[in-house]
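Undergrad: The structure is given below, and queries will be raised subsequently.
Every number in this text was worked out from the coordinates using simple rules, so none of it is lab data. These numbers come from a predicted model, not from an experiment. Using ideal geometry, Cβ is built from the backbone for each residue, glycine included, and neighbour counts are taken over all protein chains shown.
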Amino acid sequence: MKIIIYEDNLEYLSKLKKYLCLIDGVTDGAITSFVSKSKLLKAVRTCQEMTLYILKINNEKDLKTAEKIRQLDKWSTIVLFTTLLETPVLALNYNIEGLCYLSKARGGDRYKEVLTRAVHYTFELNEEMLFVGGQEILTEDILYFETNQKQYKNVKVILTHMELDIRQKFEEIIKLSQQFIRTHQSYIVNINKVKYVDWQKNEIHLVSGHKVYLSRSQKRQFRLLLNNKKI
C-alpha cells in the first residue's frame, strides 16, 4: 500500500507525516508527497497498487483535481484535507467518492482518528483488490488462472462473471495472494472457490461448475492445504 499526499504547505505536510508514521504498518518510505499537480497526476497514472490519497482542498480547482484522480483510480481511498467549511457540500458536485474529510484546523486527536481510519480501510481494500497484468480485479471475483505452457506470459483469468486475457509471469501471480494455489503447470486456483476434489480423476471442482486439473506433484500439498482450510 502507498500513501500519496498532495499539499504545498510544509507545516501541514509535516503534521500529516507525523501522525501517519504513528500508525502501525506505516513507514516513512511508503509516503510520497507532491506540490505539482502535473507530477501528482503522472504518479497516479503509473501507480500499480492500492493507494491512500490525502488531497489538499483549498478551492474548487482542487476538487476538480480530486475528481480527476478518482477517474484515474476507481478503487483507492481519498481523504479531502481541507480549509473550506463548505467542502462536503461543494464535493457533491464532483464525482470523488472520498472516504472522509479532515479539516486542517483540527487538533492532533482528530488527525490521528481520521488518518488511522483511512489507513485501516485502505489496508482492507488492499487485501481485496489485485493489480495484475495492468488490471484491477477483486480477489473474490477470481476463480482461477490458466496459461499455455508455450506462451507462459499469456494468462487467462477466469472470473465469476467474465474472462480476461493478461500478460503476466505465472510465477508472479502465485505471490499475489495466499488464496492462490498452484495445482498444475497450467493452473493457479483461488482456494476459496474450491467445492470439492475428485482425487481419483485428479480434478478440482469449483463452486462455479468449472473443473481444473490437479497434477500428481501438487496433490499432497494441495490436500494438506484443503485439510487446514477444512473444505
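Undergrad: In debye, nearest 20, what is the charge dipole magnitude of the chain about its Cα centre with +1 on Lys and Arg Cβ and -1 on Asp and Glu Cβ, if you could check?
TA: Its charge dipole is roughly 780 debye.
Undergrad: Still on this model: Mind checking region 36-82 for GluC sites (Glu not before Pro) that DSSP puts in a loop (not H, G, I, E or B) and that have at most 13 other Cβ atoms within 10 Å?
TA: Filter output for region 36-82: Glu49.
Undergrad: A follow-up question, please. Please label the shape of region 133-229 as rounded, prolate or oblate, based on the square roots a ≥ b ≥ c of the eigenvalues of the alpha-carbon gyration tensor (a/c under 1.5 means rounded; beyond that, a/b larger than b/c means prolate, else oblate).
TA: prolate
Undergrad: Treat each spin label as a single point 7 Å out from the Cα along the C-beta direction, and report the Glu172 to Glu203 distance in nm.
TA: Reported label-point gap for Glu172 and Glu203 is 3.4 nm.
Undergrad: Now for a different question. When only Cα pairs under 8 Å and 6 or more residues apart are kept, what is the percent relative contact order across the chain?
TA: 12 percent
Undergrad: Using a Förster radius of 22 Å, what is the FRET efficiency between Asn228 and Gln179 based on their Cβ-Cβ separation? Nearest 0.05, please.
TA: 0.95
Undergrad: Could you work out how far helix 60-72 tilts from the main Cα principal axis of the chain, as a 0 to 90 degree angle to the nearest 10?
TA: Helix 60-72 sits at roughly 10 degrees to that axis.
Undergrad: Taking the beta-carbon count within 10 Å as an exposure proxy, list Val44, Val189, Val35 from fewest neighbours to most.
TA: Result, fewest neighbours first: Val35, Val44, Val189.
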